[in-house]
1. For the range 153-225, what is one quarter of the convex hull surface built on the Cα atoms, given in nm²?
2. Tell me the carbon and sulfur percent of the accessible area for the range 469-548, rounded to whole percent, probe radius 1.4 Å.
3. Which helices of the chain meet both criteria: a Cα extent of 24 Å or more along the helical axis and a mean Kyte-Doolittle score no lower than -1.0, with helices taken as whole DSSP H segments?
4. In a Debye calculation with equal point scatterers on the alpha-carbon sites of the range 589-634 and no solvent, what is log10 I(q)/I(0) at q = 0.18, 0.24 Å⁻¹?
5. In nm, to one decimal, how far is the modelled label at D296 from the one at E131, with both set 7 Å along Cα→Cβ?
6. Report, to the nearest whole %, how much of the accessible area of the range 115-213 belongs to carbon and sulfur atoms, 1.4 Å probe, protein only.
7. Which FRET efficiency, nearest 0.05, do V207 and T115 yield, Cβ-Cβ r, R0 25 Å?
8. Heavy atoms only, probe 1.4 Å: what % of the accessible area of the range 218-308 goes to carbon and sulfur, would you let me know?
Amino acid sequence: MTGPRFTPHTLRPTPEQLAIQSATDKYIVVEANAGAAKTTTLALRMAESAAWGVPPEKIIALTYTEPACDALRAALKKLGVPYDTTRRFRIGTFEQFASAVLRRVEGDTPEHLLTPQGLRPHVLAALQLVEDNANERHPDRLMFPAAGDALVEEFLREAHHLKGTMQLDTDLEERPLTPDTADDLGRNYALLKAFRVYENQRRRGSVDHPLFRGPGDATYDLAQLIWSDNLERGAPGWPVGIRTLVLDEMHDLNQSMFVILDRILTSNREAFFCGAGDRDQVIHKVAGADARFMGDALEDQGRRKVRRCPLTASYRFGSRLAQGASRLAGKPYASHADGDTRVTVTPYDGPGQCEAHVVSAAQAWRSGKAHRLSQFAVLLRHPHQSVAIENALLRAGLPYVTAGFDSYLMRPEVLLVRGLLAVATRDFSSIDDPDTRRRIVEAFVFFGDITITTRESDRDEPAALLAHAVRAVTDDPTILPVFFDNQVLRNAVPAVRQRLEAAVAVARDHQGDGLLAALLAALQPRELASRVLVGAGPLRAIEANLAGLQRSAEGHPSAAAFFQSLNTFERQQRERRAADCLVLAQVEAAKGLEYEQVMIPFLRQDTFPDRDTPDDEERNLFYVAITRARSQLSLLAHARAPSRFIADAGWKVPTVTTAAAPSA
Ligand SMILES: Nc1ncnc2c1ncn2[C@@H]1O[C@H](COP(=O)(O)OP(=O)(O)OP(=O)(O)O)[C@@H](O)[C@H]1O
């Protein structure tokens with residue numbers, strides 16, 4: 001390629017961008033700050049390649065997450081690349097790429113188990129097999145680091161990391177697994193044993209056609225096939241004749257992804273590669289993300305000559321925000337944005353204040369000339385924080401969409417409570433969306449930990465019986481009470497049955513205030529959930545969601561009134577979704593995206609940074625969050641215990657508790 005052929009409609013590429021757009025080097029890595037036009041420049045490179053006549057199908061773009069794919073499509077649109085061309089580019093995550101290849105290689109698709117709950121029985125079986133192994137050579141070293149659900153959670157975390165790093169495939173390739181080798185890897189011997197057994201069960205002893213796949217497993221399985229030399233050259237589904245390969249969010253590459261990337265490059269010698277990343281945006285270390293894949297790993301001991309191209313300044317936000325990001329990340333940060341970005345820090349000190357700030361800021365934003373609500377994003381560290389915000393938005397009539405999590409009205413524990421209210425008021429029909437009714441029935445089955453039975457149940461698979469029962473109640477909501485009595489209560493163990501019955505009795509008989517507190521006291525959702533959920537994090541989230549629901553129940557005179565108001569909220573939320581909506585997102589889901597105004601509420605020292613996550617990852621997450629803003633960044637900080645990241649960015653929390661104060 002020489003000299004650019006593609007000219008964008010809406011922006012003028014800088015010399016740095018033009019250099020990357022039309023570079024003739026085979027391998028290019030762009031390492032730049034957030035908002036410094038990495039995605040835009042990769043889009044330019046794709047457009048340039050297409051302008052030279054490369055068929056779009058021969059241009060691949062890979063990313064780590066789906067939001068990053070969306071960001072790339074948005075950048076292509078912004079540059080004026082025709083939709084028909086963008087549609088034909090092969091844009092996807094590594095997991096999507098790997099799934100597509102494996103589907104062709106294997107000829108079918110194994111079951112996908114995407115939640116820890118779904119994986120739990122397989123983990124428990126593997127742990128049991130390790131414990132029961134009479135031939136274990138080192139029984140004295142078989143010590144698991146936890147017990148019960150905490151162990152399942154620990155196992156899944158370890159497995160996620162082992163698959164991302166491929167440590168057992170690379171470091172232990174030639175060595176047996178012993179306590180000494182486990183020590184060398186800095187890992188728990190018993191967990192490594194369990195991982196081997198679990199994988200063996202999952203794979204059914206072969207390299208392909210596994211029993212099931214969990215999150216990230218397609219990437220791992222394809223990487224293993226390649227690593228063990230079991231993927232034939234020219235295998236069906238493998239991309240050939242690729243001319244351009246771009247890679248966004250390169251900082252999130254792990255070993256599995258790198259093995260796949262490496263194979264694409266070695267099997268497509270004609271391909272020009274351009275990757276872009278920012279070391280301060282690594283937020284997936286738990287999956288083995290390692291910025292070294294942007295560096296020497298790609299260079300492959302000098303075999304690949306990699307040109308490193310700079311993009312030095314942010315175009316997204318102005319100098320105030322750039323200064324804060326610079327202090328936070330400890331690196332220089334210039335801005336070339338047209339306007340400056342306002343940064344405000346507003347203190348809050350009590351319940352209800354954050355959500356009130358969000359509502360008044362969103363209303364003010366909406367009333368501004370030419371302001372679209374979809375350009376206003378509220379970014380959350382934890383999904384449970386959405387309960388209070390959603391209630392406030394719904395009351396204020398402000399439409400919103402969620403990203404990275406479901407609306408709280410649709411979370412399983414809230415659906416369980418809604419189902420109990422429906423049983424108590426004998427009014428399931430007021431939930432007019434069949435999909436919600438289906439999810440409520442599934443929540444009964446899930447939290448009740450029951451298996452559906454029928455008189456002829458021997459003949460049918462449990463999954464088929466469940467699907468049939470769910471469909472029956474969804475289609476005819478009047479039969480919910482019968483289903484509840486004959487299936488849920490009858491098949492639940494006594495302790496669960498008693499709690500469910502007691503909760504329905506409270507919902508039926510309670511008068512006046514305190515309905516939900518009394519219902520939850522009878523239901524004991526923590527005990528109920530700990531039978532079926534994995535890990536302390538999800539249990540804490542359930543409690544927080546239900547505490548939020550409890551607050552929203554206040555002031556309703558009866559269970560029926562509260563039930564109706566939840567149904568109305570859901571209806572309103574659905575109807576308004578077609579309109580221009582505010583975005584309520586988890587930070588991870590906003591990565592790679594940008595909004596005119598970004599508001600980050602609940603900035604408390606024990607909440608963001610989260611106590612249970614390594615500090616550097618929390619810092620990177622905060623960096624990702626603040627760098628999504630274009631014209632306005634609004635931070636809502638706890639007045640007495642603000643997140644220390646605010647001070648780290650050089651911003652002050654005003655001592656006044658009511659008014660917003662500009663800072664920086
Ligand atoms: N030459 C340019 N002139 C003006 N604006 C530009 C230019 N190049 C990019 N931009 C704009 O700068 C903003 C940030 O660009 P982009 O999203 O590509 O950054 P990024 O580095 O990928 O961000 P992140 O690190 O968050 O993924 C976008 O609004 C983009 O349209």
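1. With the hull built on Cα positions only, its mean projection is 4.6 nm².
2. That fraction is 52 percent.
3. Length and hydropathy pass: 148-165, 536-553.
4. Values, matching the q order: -0.55, -0.88.
5. 4.3 nm
6. So the carbon and sulfur contribution to the accessible surface is 48 percent.
7. The formula returns an efficiency of 0.45 here.
8. 45 percent
The values are calculated or read from the model by the stated rules, or taken from the named source; none is laboratory data. Computed from a predicted model, the values in this text were never measured in an experiment. With ideal geometry, Cβ positions are generated from the backbone for all residues, glycine too; neighbour counts draw on all protein chains shown. The area values use the complete protein model at the heavy-atom level, side chains included, leaving out ligands, DNA and RNA. Shrake-Rupley method; radii C 1.70, N 1.55, O 1.52, S 1.80 Å.
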